[in-house]
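The values are calculated or read from the model by the stated rules, or taken from the named source; none is laboratory data. Just so we're clear, the structure is a prediction, and the values are computed from it rather than from any experiment. With ideal geometry, Cβ positions are generated from the backbone for all residues, glycine too; neighbour counts draw on all protein chains shown.
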Amino acid sequence: MQNKPKVFIIAGEVSGDVLGARIMSQMLGAEFVGIGGENMTKAGLDSLFPMGDLSVMGVVEVLGHARTLTRRIRQTVDAIVRERPDIVLTIDSPGFARSVIGALRKSPAGRALIDGGLKFHHVVAPQVWAWRAGRAKKYAQTFDKLYAFFDFEVPYFTKYGLDTMAVGHPVADGIIGRYEKKRKNADTDKIITFIPGSRMSEVRRLMPLMRDVARVISRCGYTGYKFAIPTVETTEKYVACETARWGVPVELVPGRDRYDLYSKTYIAVAASGTVSAELAMMHVPAIIVYKMNPITTWLVRQVIKIKWVSLVNILLNRGVYPEFLGPAARADNVIEEFGQLTIPSVREKMTAALRGADNMWLRNGAGAARLIADDVMVAIENRS
């Protein structure tokens, strides 16, 4: 092993970039190479290429992006062979991670590294309890270690021999309880926060819906409301151009300040994904929306096993956050729920349910980033 541990780290979207930066900050003395966004760059990573090249979701969208992804896979494999890291740590973006590992195993140089002890650790367990249960076996065939968020996820993977460790939800680290005092001003600030996601494909689909909702709220009898959108580097310019044509004032807030924005948010209209968990942990009333390519939507509906897409709804097994997906993601549906959430008793019922879920996000002891970082360092030490 080298004197200075070298970690090849890969994150393909904003939530992974945030977690990656936290993990890096917990691994003092380690050297990092790989792929990440603005947060991991600030933590010291010189990304091989823009993380946005990996931020693609949906069957049709991925096919349209295939040439770029193929080139980036090849570039990543070459970098791993060149850098000879002690470990490869991938965060979410499982399709890209599996493609890179598969290509390494087919490469003589990559195979030599693996035979020499190179291990692959992955953060974020796929929701096999919701759909495509067969992925658990594929993960066991691909990765050497998996970091899951919840204890109930572990048996799905260990039964196939994959070493799996529950670390708690990383977003909960430092969030739950931290912003509760600021939330008291949300009812008077009357900020409506739109969160269209981090991938360009989902942002393009949701921005028109959010525009229509903003126009109805500002012109149809609702008074005193302000609008805001937290931006991310992958879509910031697009969001700025679109909101300039909305005809209503919209404050664009840098992604790094999103938690302060959420703490002042009266109601959020948000894309399904990690952000819905963030909002739930901060007890923000929210309406969840999502649109995909019609073909992708149809395919997902054939295999999904659960009633909800928002993690808080799944954990509590009830519809705390209203969800409008696919064709149901329309301005009239959102406005109707918005009207309900302006009623104090309805708001209190929702926030009480969100507070009741706090113990599901947290684990005793260290936060997720610390647990992952420590375990990775132990794995590197065991190579020596």
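For region 22-49, enumerate the residues that are part of a loop (DSSP other than H, G, I, E, B), within 21 Å of the chain's Cα centre (by Cα) and touching a residue at least 40 places away in the same chain (Cβ under 8 Å). Scanning region 22-49 gives Gln26, Gly37.
Do the conditions hold for Leu89, that is, is it buried (at least 17 other Cβ atoms within 10 Å of the Cβ), within 26 Å of Thr70 (Cα to Cα) and either hydroxyl-bearing (Ser, Thr, Tyr) or touching a residue at least 60 places away in the same chain (Cβ under 8 Å) (or both)? So Leu89 passes the test.
Considering the conditions (1) touching a residue at least 24 places away in the same chain (Cβ under 8 Å); (2) outside any loop (DSSP other than H, G, I, E, B); (3) more than 22 Å from Ala328 (Cα to Cα), Thr188 is excluded by exactly one of them, (1). All conditions but one from (1) assigned by TED's automatic domain parsing to the domain that holds Gln127; (2) aromatic (Phe, Trp, Tyr); (3) not in a loop (DSSP other than H, G, I, E, B) apply to Phe194; the one that does not is (1). One residue stands out in region 109-139 among those that are closer than 13 Å to Ala97 by Cα and of a type in the set (Val, Ile, Thr): the one that is surrounded by the most Cβ atoms within 10 Å (Cβ to Cβ), namely Val123. Considering only residues in region 13-26 that are in contact with a strand residue (DSSP E or B) (Cβ under 7 Å, 6 or more places away or on another chain) and not charged (D, E, K, R), the one that is surrounded by the fewest Cβ atoms within 10 Å (Cβ to Cβ) turns out to be Met24.
You will find that of Arg183, Arg215, Arg199, the residue that is touching a residue at least 60 places away in the same chain (Cβ under 8 Å) and surrounded by fewer than 19 Cβ atoms within 10 Å (Cβ to Cβ) is Arg183 and no other.
Restricting attention to region 186-196, which residues are among the β-branched types (Val, Ile, Thr) and surrounded by 14 or more Cβ atoms within 10 Å (Cβ to Cβ)? Working first, answer last.
Filtering region 186-196 down to residues among the β-branched types (Val, Ile, Thr) leaves 188, 191-193, 195.
Those that are among the β-branched types (Val, Ile, Thr) and surrounded by 14 or more Cβ atoms within 10 Å (Cβ to Cβ): Ile191, Ile192, Thr193, Ile195.
Given the criteria β-branched (Val, Ile, Thr), in contact (Cβ under 8 Å) with a residue 24 or more places away in the chain, farther than 24 Å from His283 by Cα and assigned to a helix (DSSP H, G or I), does Val239 qualify? Against the criterion (β-branched (Val, Ile, Thr), in contact (Cβ under 8 Å) with a residue 24 or more places away in the chain, farther than 24 Å from His283 by Cα and assigned to a helix (DSSP H, G or I)), Val239 qualifies. One residue stands out among those in region 362-384 that are touching a Gly at 6+ places or on another chain (Cβ under 7 Å) and either part of a helix (DSSP H, G or I) or of a type in the set (Ser, Thr, Tyr) (or both): the one that is modelled with the highest pLDDT, which is Ala368.
Determine whether Thr142 is out of contact with any Pro (no Cβ under 6 Å at 6 or more places or on another chain) and loosely packed, with under 15 Cβ neighbours inside 10 Å. In short, no. Against the list (1) in contact with a Gly (Cβ under 8 Å, 6 or more places away or on another chain); (2) touching a residue at least 40 places away in the same chain (Cβ under 8 Å), the condition Thr231 fails is (2).
Yes or no, residue by residue, for (1) hydroxyl-bearing (Ser, Thr, Tyr); (2) over 21 Å from the mean Cα position of the chain (by Cα); (3) at pLDDT 95 or above; (4) part of a helix (DSSP H, G or I):
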| site | (1), (2), (3), (4) |
| --- | --- |
| Glu61 | no, no, no, yes |
| Ala112 | no, yes, yes, yes |
| Thr164 | yes, no, yes, no |
| Gly168 | no, no, no, no |
| Val171 | no, no, no, yes |
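Kindly indicate the residue of region 299-318 that is part of a loop (DSSP other than H, G, I, E, B) and buried (at least 19 other Cβ atoms within 10 Å of the Cβ) and also modelled with the highest pLDDT among those meeting that condition. So the residue we want is Ser310.
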